[in-house]
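Contents: one structure, followed by commentary.
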Amino acid sequence: MTLLAEHNITATPGRRVLEVYDADAYLGDEAALDAAEVQVVAGNGYHLYLLSLQPDMKVQITILIWDSPPAPPAEAEGHTDVSLESETGILVIGQLDRGPADEITLPRPGVYEGHAWWQNRQAAADYHATALDQLTDDSPDGQLTEAWNNCPVTERYVLDLAYTREPEPLDDDDQ
């Protein structure tokens with residue numbers, strides 16, 4: 001397996017949610033979002049939701065494009081299969097209520113399949129909760145911001161994807 005492209009994005013999970021979707025296919029999906037509550041990462045084919053356990057600290061999203069995706073690493077906290085269609089070849093990485101964090105250009109438009117895996121999700125949530133518990137009325141301004149910036153672990157989500165086919169043709173009604 002050969003790595004064809006690597007994209008690293010830092011984003012803050014607005015309302016605990018990060019999104020990855022095609023630039024022209026922003027279609028929110030309540031059922032996929034509900035599924036992410038259980039699976040951590042879920043989607044509808046055009047839109048992926050990544051669900052953090054905390055809403056304030058930055059997380060790392062890595063999108064790897066392979067000729068054939070490798071198996072998730074043993075140190076991953078969890079993983080799930082994913083599929084994402086990108087008609088434009090441009091993916092937006094969104095922060096739900098905070099707007100786009102970035103966008104990336106895929107090697108070509110099409111359907112990409114593989115898996116998502118994550119690390120330090122629970123450790124970041126535990127640190128977040130501890131930082132909130134330590135906050136008092138006498139705490140100096142900026143204490144939480146400093147705490148968020150000094151988290152000892154990096155919450156990370158990785159999408160290992162491979163191109164599988166051309167995007168579905170548009171229906172006449174969609175043009």
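The values are calculated or read from the model by the stated rules, or taken from the named source; none is laboratory data. Predicted model, so just to flag it, every value in this text is computed and none were measured. Note: ideal-geometry Cβ built from the backbone for every residue, glycine included; neighbour counts use all protein chains shown. To get the accessible areas, we keep the full protein, side chains included, count just its heavy atoms, and leave off ligands, DNA and RNA. Shrake-Rupley method; radii C 1.70, N 1.55, O 1.52, S 1.80 Å.
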- Taking K and R as +1 and D and E as -1, what net charge do the other residues with C-beta under 13 Å from the C-beta of residue 65 add up to? -3
- Additional length obtainable on full extension of the chain from residue 113 to residue 67, 0.36 nm per residue less Cα span: 15.5 nm
- Query: How much area per residue is accessible in the stretch 111-175 when the probe is 1.4 Å and only protein heavy atoms are counted (Å²)?
  - Reply: 61 Å²
- Message: Can you give me the solvent accessible area of residue 46 with a 1.4 Å probe, rounded to the nearest 10 Å²?
- Response: 90 Å²
- Message: Could you work out how much longer the chain between residue 150 and residue 38 gets when fully extended? Use 0.36 nm per residue separation minus the Cα distance between them, nm to one decimal.
- Response: 37.5 nm
- For a label point 7 Å from the Cα of residue 130 along Cα→C-beta, name the residues of the stretch 138-172 whose backbone N is under 18 Å from it. 143-156
- Message: Modelling each spin label as a point 7 Å along the Cα-to-Cβ direction, I'd like the residue 139/residue 98 distance in nm, to one decimal.
- Response: 1.7 nm
- Note on the structure: Largest first and rounded to whole Å, the semi-axes √(5λ) derived from the alpha carbon gyration tensor of the stretch 1-136 read 25, 17, 14
- Message: So if the hydrodynamic radius of the stretch 62-171 is defined as the Kirkwood radius over C-alpha pairs, what does Stokes-Einstein give as its diffusion coefficient at 4 °C and 1.567 mPa s, in µm² per second?
- Response: 78 µm²/s
- If the chain between residue 10 and residue 27 were fully stretched, how many nm would it gain, using 0.36 nm times the residue separation less the Cα-Cα distance? 3.9 nm
- Item | Volume per residue that the Cα convex hull of the stretch 1-72 spans, once the total is divided by residue count, Å³ | 108 Å³
